[in-house]
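Nothing in this text is a laboratory measurement; each read-out follows from the coordinates by a stated rule. Just so it is clear, the model here is predicted, and its values are computed rather than measured. Here Cβ is always computed from backbone atoms with ideal geometry, including for glycine, and neighbour counts include all displayed protein chains.
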Amino acid sequence: MVFVPFSPLKSDFNNAALAQIAGVEKTAEFFTTEETGRLPDPVKKYFETCGYIGTPKMAYMKGVYENVDFLLAKDKPYTKIDYTEYFFVKEPAHIAFIDTKVKGITFQGLDSYINGTGRMKGVVAKTFTLFNQTGFEMDASGLVTVLSACLIVPSIALQDYVLWESIDGTRARATMSYYGISVSGTFTFTENGEMVSFTTNDRWETQADGAAIQTPWSIICEDYAEKAGIRQPTHIKVAWHYPNGEDSVYFESRNAIIEFGF
């Protein structure tokens, strides 16, 4: 086996993250009940239950997920991956890096949404490009990924590019519009205010033949724990929902670590 110590794709990820962080505008603003008061009741309760009121607004988030159960394809067995991601607030942006080995060979992936452009690139042995997907489907999927995280990174939820609608006491709908694209989804909450899921029809799944199909998609959040006064989910699952009723949980992290940058 040829050992390739340097990873160009990981370097691309690190450089993109550093460039985004360098562009962050620091703020002295705090979350207030006056600002959250215009939100639907379950969203407003989420801010209170999770301890955000009175705390500084974050400019970005870093999430670290180790030893994740992951499906590279729905007809394949689970593999273990390490996954690191960033979300940015001022303009919706997301950068994620996947690192794993399949049958002893390194596989790395870069999932990015920057300046309105979505891209998903996969590389084997740190050298050979397996796929490099771009286009409207990746752009829309990148934007909806940011929307799905807008309560994990709650500064996003208060941006002008997010519109909230009430559904009932435990559900609210959000629409994110940026770079000429709009995506929507529904957040569901427990009675005590914890957000337990986000579901959307505006994400695209790439098939084995390279075609992209709009497929219902969700994120499930469980096992909230308090860190520095903030309650955050530590168990996160991501799933596709198919027309035949089949649900495919392709990402499951039981030890999510969420950190904020200000």
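A few points about this structure:
- Over the stretch 170-222, volume per residue of the alpha carbon convex hull, in Å³: 87 Å³
- Using only the C-alpha atoms, the convex hull of the stretch 50-126 corresponds to 126 Å³ per residue.
- With a cut-off of 11 Å between beta carbons, the residues surrounding Q214 carry a summed charge of -2, where Lys and Arg count +1 and Asp and Glu -1.
- Cβ crowding within 10 Å averaged over residues, with 152-161, 240-249 ranked highest first: 152-161, 240-249
- Proximal charge balance of M195 [Cβ under 11 Å; K/R count +1, D/E count -1]: +1
- Placing a label point 7 Å from the Cα of A19 along the Cα-to-Cβ direction, the residues of the stretch 142-166 with a backbone N closer than 20 Å are 142-143, 146.
- Kirkwood Rh and Cα Rg combined as Rg over Rh, evaluated for the stretch 166-262: 1.01
- Within-11-Å neighbourhood charge of T106 [Cβ basis; K, R +1; D, E -1]: +3
- Between the stretch 12-72 and the stretch 214-257, the C-alpha centres lie 17 angstrom from each other.
- Peptides 64-75, 93-104, 122-133, 26-37 ordered by packing proxy, namely the average of other Cβ atoms within 10 Å per residue, highest first: 93-104, 64-75, 122-133, 26-37.
- Approximate spin-label separation R38-T186, in nm, with each point projected 7 Å along Cα-to-Cβ: 2.6 nm
- Rounded to 10°, Cα long-axis angle of helix 8-22 versus longest principal axis of the chain: 20 degrees
- Inverting the pair-averaged 1/r between distinct Cα atoms of the chain gives 19.0 Å as its Kirkwood hydrodynamic radius.
- Positive-pole candidate from S253, H241, G229, dipole of the stretch 170-262, charges at beta carbon: G229
- Taken about its Cα centre, the stretch 2-45 carries a charge dipole of about 160 debye when Lys and Arg each add +1 at the Cβ and Asp and Glu each add -1 at the Cβ.
- Label-point separation in nm, D209 to S166, each point 7 Å along Cα→Cβ: 4.7 nm
- Rounded to the nearest 20 debye, the dipole magnitude of the chain is 640 debye, with +1 charges on Lys and Arg beta carbons, -1 on Asp and Glu beta carbons, and the Cα centre as origin.
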